[in-house]
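The values are calculated or read from the model by the stated rules, or taken from the named source; none is laboratory data. Note that the coordinates shown come from a computational prediction; the quantities given were computed from them, not determined experimentally. Methodologically, a virtual Cβ is constructed for each residue, glycine included, from the backbone with ideal geometry; neighbour enumeration extends over all protein chains shown.
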Amino acid sequence: MKVFVDTGDVEEIREAISWGIVDGVTTNPTLIRATLAKRPGAKIKEYLEEVCRAAGPGRPVSLEVMSTKAEEMIEEGRVLYERYNSIAGNAVIKVPVTTRGVEEGYFEGVRAIRELSSIGIPVNATLIMTPAQAVLAAKAGAKYVSPFLGRVDDYIRERLGIKFSKDDYFSEEMARDDVNDGVRSGVDLLRKIRVIFRAYGFNTEIIAASVRNARQATEAMLEGADIITVPFEVLVKMVAHPKSEEGIKKFVEDAVKANYGELFRQ
Ligand code: E4P
């Protein structure tokens, strides 16, 4: 089971890697835009080199294409891979499973995933909202699929008229079977993809993405996500607990009173 950090911020990447528990990085255009906005003068080309270097060898970094036509996504995927994989051998190309919404064609993403995968470029199929999309991406050869847990929860809550904040936990008990084709939550989406992948022996790894809170991260692990990709602030919440904090205060206090210092003196 692997943990990726979901950020475009190189300082966050360095800090999270220094904790010794981070296995990779995912970015997207929104995250990169937010980071560059905080760094006036930073050039995206060089900045992404820094991101790949900071992650380092053996920690995949997902970098997303920008076009919505298969031919253009394929070209961009090639360019990105060539440029950034040479930095630390860790580039993965993120391709949306469908670009319908911007394009008329439903299958532009799947075609691009197929072509890039067939020339040996590892693809992370992104914006996965249904088990069927995950299967199509896996059949096209994607190395990873990224079901967007939080955004599926958003969609269900919007359809049910439930008010929520971005990091609010959502329980599938609040859902109804008819609002999202039987997928009752983001975690349920992950569960269903896992069942199908196991049944048919797909090797594609499942990245639980769009994880908004620590409880959702735990549920994703319980459902057997191969990888969870988690924003920096959610990683911090995953290690925190008031009773741990209370406990360490008391242990430090009592260690001093019990003369523990003696144990470490030569
Ligand atoms: C994952 O790969 C995406 O970059 C990210 O998890 C999206 O998260 P959001 O839905 O919170 O924006």
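Observations, loosely collected:
- All of 161, 150, 141, 182 fail the test of being on the phi > 0 side of the Ramachandran plot and within 20 Å of the chain's Cα centre (by Cα), apart from 141.
- Subset of segment 29-53 (residues that are within 15 Å of the ligand (Cβ to nearest atom) and crowded, with 21+ Cβ neighbours inside 10 Å): 48, 51
- Residues of segment 196-236 that are among the polar types (S, T, N, Q) and either surrounded by 18 or more Cβ atoms within 10 Å (Cβ to Cβ) or within 14 Å of the ligand (Cβ to nearest atom) (or both): 204, 210, 213, 216, 229.
- Residue in segment 237-253 that is modelled with pLDDT of 95 or more, within 16 Å of the ligand (Cβ to nearest atom) and not in a loop (DSSP other than H, G, I, E, B) present: yes
- Just one of the listed residues (125, 142, 138) is away from the ligand (no atom under 16 Å from the Cβ) and surrounded by 15 or more Cβ atoms within 10 Å (Cβ to Cβ), and it is 138.
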